[in-house]
Amino acid sequence: MEPLSYDIIIIGGGAAGFFTAINAAEMAPEARICILERGKELLTKVRISGGGRCNVTHAEFLPKELTRNYPRGEKELRGPFHSFMTGDTIEWFEKRGVPLKIEEDGRMFPESNSSETIIDLFLEESKRLNIEVLTKRAVQGLKQKDGRWEVTTLQENFTAEKVLVATGSNPKMWEMLKDLGHTVVPGVPSLFTFKITDARIKDLPGVATDAVVRVKREKLETSGPLLITHWGMSGPAILKLSAWGARELSDRKNFEIEVNWLPEFSPEEISEELQRLKKENAKQHPQNYAQFGLPKRLWQSLVNASGIGAEVRWADLNKQQLEELTNQLGCGTFQVHGKSTFKEEFVTAGGVELKEVNFKTFESKVCKNLFLAGEVLNIDAITGGFNFQNAWTGGFLAAKAMTTDSVA
Ligand SMILES: Cc1cc2nc3c(=O)[nH]c(=O)nc-3n(C[C@H](O)[C@H](O)[C@H](O)COP(=O)(O)OP(=O)(O)OC[C@H]3O[C@@H](n4cnc5c(N)ncnc54)[C@H](O)[C@@H]3O)c2cc1C
């Protein structure tokens, strides 16, 4: 059977694949474009993203600041963000009738609060622009012959002048890219929460406060809101740590972290403040009133852990108890004994080596007319809408490059 011929074939019907296809079709209306999707369903990750609400992007409008959210890809994305940024994303969706709203922490969602709005938009746009979308087409082979790409699936064979690989963290596609000469950094999970069994936090699920968290014996430290959960710790401070430490922590189930519950105070300041409280509140019981603005139950738990019972008064505190409380507040050690996936969002760190990609066009430096966007690259971000922004930016620039010269 003759192979089906297209100008552009996009492998992968996810966020990066659709965004590229739609932009390419708008930039070159005559180009014949086809999306090949392995699964029965399209855009499955978009559907479940952001707890079903799809955290499309983040309200951070300076390219350099934005790149700071990418443990892998920070340097490489700086240029691309100067061409297509969060502001462009907002405008792109708004222009197509999908306004986004900003939440207090900067995350941006469709006003509808539903990821279906994004999916509907992508599917309608693909139809309007005559993009062929074929599901149940797992690409099995990819090779270049006489200047054209040959793409093989179990059902049909295809040819195209240009191919975009947007298959996310799919290991089989990484193998195919290796066969084409690419280097692939092995995938490991990023964005996970910590399992901790510890009397100090056992009865405090739901308590949240700002903290600095450090992995002991590693140069890994982050700050931000920390949420105590039924199984341990989560919240931005922990998720950031898991993203920045994805590789270091990948083969470690057990490790120790140090939590500073009072990021605004140095150990000396904590100690001085405790001395002042001892003097001024001599007759009161430390357990009764939370200090330093800490949530009361957390304060009580840390006081308890310092060997200071409910009956003890400030005046009774001895040197050792004060020292222990200073430590508990400023550098409490917790044993992590496992990781849990973060239900709202999880990503894989790893993918095509970034040195092998031209970040002006997202074209492979190894194979001409092969483009790569989204999670297939060794780029990933902390939680907050940054992973999709990588898919939108890469997709847009790849679309531009694929339609600039020879196609249509
Ligand atoms: C639960 C969850 C929630 C998330 N929430 C958010 C969020 O709110 N905000 C955010 O920024 N990020 C979020 N992320 C991360 C985000 O979903 C990904 O970074 C993003 O989807 C990557 O897009 P992609 O197009 O590169 O890959 P994907 O979305 O994974 O798409 C790849 C597609 O390629 C297909 N494919 C794979 N191999 C083949 C093949 N051989 N042939 C044909 N097709 C193939 C796959 O079936 C898939 O449809 C979330 C992730 C998860 C798991």
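The values are calculated or read from the model by the stated rules, or taken from the named source; none is laboratory data. Since we're looking at a predicted model, the values are computed, not measured. Here the Cβ positions follow ideal geometry from the backbone for every residue, glycine too, while neighbour counts run over all protein chains shown. Ligands, DNA and RNA are stripped out before the accessible areas are found, and what is left, the full protein with its side chains, is counted by its heavy atoms. Shrake-Rupley method; radii C 1.70, N 1.55, O 1.52, S 1.80 Å.
General remarks:
- Test: E356 is acidic (D, E) and either within 16 Å of the ligand (Cβ to nearest atom) or touching a Ser or Thr at 6+ places or on another chain (Cβ under 9 Å) (or both): yes
- Test result for T183, within 16 Å of the ligand (Cβ to nearest atom), among the β-branched types (V, I, T), out of contact with any Ser or Thr (no Cβ under 7 Å at 6 or more places or on another chain) and within 23 Å of A398 (Cβ to Cβ): no
- The stretch 130-147, subset of a type in the set (K, R) and surrounded by fewer than 18 Cβ atoms within 10 Å (Cβ to Cβ), residue nearest to the ligand (Cβ to nearest atom): K136
- Cβ pairs under 9 Å, 6+ apart, first in the stretch 213-229 and open to solvent by 60 Å² or more (accessible area, probe 1.4 Å), second of a type in the set (K, R) and assigned to a strand (DSSP E or B): E221/R214
- A single entry from K40, K64, K45 fulfils the requirement of being within 18 Å of the chain's Cα centre (by Cα) and either assigned to a loop (DSSP other than H, G, I, E, B) or buried (at least 17 other Cβ atoms within 10 Å of the Cβ) (or both): K45.
- Members of the stretch 148-164 that are over 12 Å from P3 (Cβ atoms) and surrounded by 14 or more Cβ atoms within 10 Å (Cβ to Cβ): E161, K162, V163, L164
- Of the helices (runs of 4 or more DSSP H) entirely within the stretch 294-408, those holding at least 1 residues that are among the β-branched types (V, I, T) and surrounded by 24 or more Cβ atoms within 10 Å (Cβ to Cβ) occupy 296-305, 386-404.
- Within the stretch 114-129, tally of residues that are open to solvent by 60 Å² or more (accessible area, probe 1.4 Å) and in contact (Cβ under 8 Å) with a residue 24 or more places away in the chain: 2
- Looking only at the stretch 154-190, and only at residues there that are among the charged types (D, E, K, R) and under 14 Å from I10 (Cβ atoms), the one that is nearest to the chain's Cα centre (by Cα): K162
- Checked across the stretch 26-37, the condition of being crowded, with 22+ Cβ neighbours inside 10 Å, among the acidic types (D, E) and more than 24 Å from L354 (Cα to Cα) holds for at least one residue.
- Within the stretch 81-100, the only residue that satisfies the criterion of being closer than 27 Å to V184 by Cβ, open to solvent by less than 50 Å² (accessible area, probe 1.4 Å) and over 18 Å from the mean Cα position of the chain (by Cα) is F84.
- Qualifying positions in the stretch 101-114 - of a type in the set (S, T, N, Q) and within 20 Å of the chain's Cα centre (by Cα): N113, S114
- Meets criteria (within 11 Å of the ligand (Cβ to nearest atom), of a type in the set (V, I, T) and outside any helix (DSSP H, G or I)) for I35: yes
- In this entry, K40 is excluded by the filter for residues that are within 7 Å of the ligand (Cβ to nearest atom), touching a residue at least 24 places away in the same chain (Cβ under 8 Å) and under 20 Å from G168 (Cα atoms).
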